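The values are calculated or read from the model by the stated rules, or taken from the named source; none is laboratory data. Only a predicted model underlies this, so the values are computations on that prediction, with no experimental measurement involved. Because the Cβ atoms are built from the backbone with ideal geometry, glycine has one as well, and the counts that use them run over all protein chains shown.
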Amino acid sequence: MKKIGVLTSGGDAPGMNACVRSVVRCGISREMEVIGIRHGYRGLIEGEMIPLGPRSVAHILEHGGTFLESSRCEEMKTPEGLKKAVDSLTSAGIEGLVAIGGDGTFRGAAALSKEGGFKVVGVPGTIDNDVYGTDYTIGFDTAVNTAIDCIDKIRDTAESHGRLFFVEVMGRNRGFIALAVGIAGGADEILIPETATDLQALANSLKKHMAAGKRSSLVVVAEGDVPGGAQAIADKVGWLVGMDYRVVSLGHVQRGGSPSANDRILASELGAAAVSALAGRVNGCMVGKIGSDIVHTPLEESWTETKELDTRMLKMLQILAI
Ligand code: F6P
């Protein structure tokens, strides 16, 4: 393979730049030409391409966001959009594509591979960590650390005022971020979509904490837990507990910032693995890391199979939060 493309699509994640850098430099070391596609699938459809050399990706490793920029592209879901994307790739002489993103990105990549007959390899880049076929996605570790920084600060003010805080973290459909942040941030309760939320039981448990002498309490809520998120839960549970309460939604702050060392390393490894997969004529797969192994998973499985979340952590939390 002589010429490959790389794009980032969907929600940006810290470490995407490190991954693009790795794809570019590994591609060049295999004497491939590497083309950066700007603005994800939207840019692909519109032919926004830039040649990338080793110097074009210098000093991007440490930056959050994605220098190629990203988009959520509805047109890519249509047969016309898909055709434009394939035409754009073939007329640029690109033979293989590395698509970095989450499940939306992989749906587009799978269509390019299956219906478009184009060679594509996916790399999991999303803070949500909700992708089957890899222990961690690029960006998750940084997002969790960012959220913990915030939680530590919220705890200071919660203790000063003796308040109950509901902190909403990202994770559209899954509770990976909430679980990690809740355990590492010393939360009293963690609410995630994978387990049923019983508001009366939650209120009783928070009251028990108060009776045990806690000055403040912190509940971490995954954004996808219930419709209305943390605010809806707080409005129902706050008065049941009888404690002054506040709600904080950490939102997009979790998507930004310099990637952690773990994310930079994972991104570098998976970028290299994607190039090596394309060079080996692998197609329609996502590269992931399970344990210390690089694993290829068919793109469809990355969203049709469910990645297990370790709910034993919730039991551990009950003990740690007494
Ligand atoms: O998938 C990553 C993610 O950050 C989710 O956690 C969140 O629900 C969503 O993207 C937000 O998307 P947008 O930036 O398009 O509002």
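A few remarks follow.
- Within the option set Arg172, Arg107, being within 16 Å of the ligand (Cβ to nearest atom), of a type outside the set (A, V, I, L, M, F, W, C), surrounded by fewer than 20 Cβ atoms within 10 Å (Cβ to Cβ) and not assigned by TED's automatic domain parsing to the domain that holds Ala222 holds for one residue only, Arg107.
- Pairs with Cβ under 9 Å, 6+ apart, first in segment 158-179 and in contact (Cβ under 8 Å) with a residue 24 or more places away in the chain and of a type in the set (Val, Ile, Thr), second more than 16 Å from the ligand (Cβ to nearest atom) and in a loop (DSSP other than H, G, I, E, B): Val167/Gly185; Val167/Ala187
- Number of the exception - Arg255 against (1) within 16 Å of the ligand (Cβ to nearest atom); (2) crowded, with 23+ Cβ neighbours inside 10 Å; (3) basic (Lys, Arg): (2)
- Among residues of segment 50-62, those that are under 18 Å from the mean Cα position of the chain (by Cα) and surrounded by 18 or more Cβ atoms within 10 Å (Cβ to Cβ), counted: 1
- Condition check for Gly224 on (1) among the small types (Gly, Ala, Ser); (2) within 16 Å of the ligand (Cβ to nearest atom); (3) in contact with a helix residue (DSSP H, G or I) (Cβ under 8 Å, 6 or more places away or on another chain); (4) at pLDDT below 95: one failure, at (3).
- Within the option set Gly40, Gly47, being surrounded by fewer than 19 Cβ atoms within 10 Å (Cβ to Cβ) and either within 16 Å of the ligand (Cβ to nearest atom) or over 13 Å from Val123 (Cβ atoms) (or both) holds for one residue only, Gly47.
- Residue selection: Ala230 fails the criterion of being within 16 Å of the ligand (Cβ to nearest atom), more than 16 Å from Arg163 (Cα to Cα) and in contact with a strand residue (DSSP E or B) (Cβ under 8 Å, 6 or more places away or on another chain).
- Pairs linking a residue in segment 132-149 that is at positive phi to a residue that is of a type in the set (Ser, Thr, Tyr) and surrounded by fewer than 23 Cβ atoms within 10 Å (Cβ to Cβ), with Cβ atoms under 9 Å and 6 or more positions apart or on different chains, are Gly133/Thr297.
- For segment 3-35, a tally of residues being part of a loop (DSSP other than H, G, I, E, B), crowded, with 24+ Cβ neighbours inside 10 Å and more than 16 Å from the ligand (Cβ to nearest atom) returns 0.
- Residues of segment 287-322 classified as outside any loop (DSSP other than H, G, I, E, B) and within 21 Å of Ala267 (Cα to Cα), total: 13
- With respect to being surrounded by fewer than 19 Cβ atoms within 10 Å (Cβ to Cβ), more than 14 Å from Ile190 (Cα to Cα) and assigned by TED's automatic domain parsing to the domain that holds Leu61, Gly228 falls outside the description.
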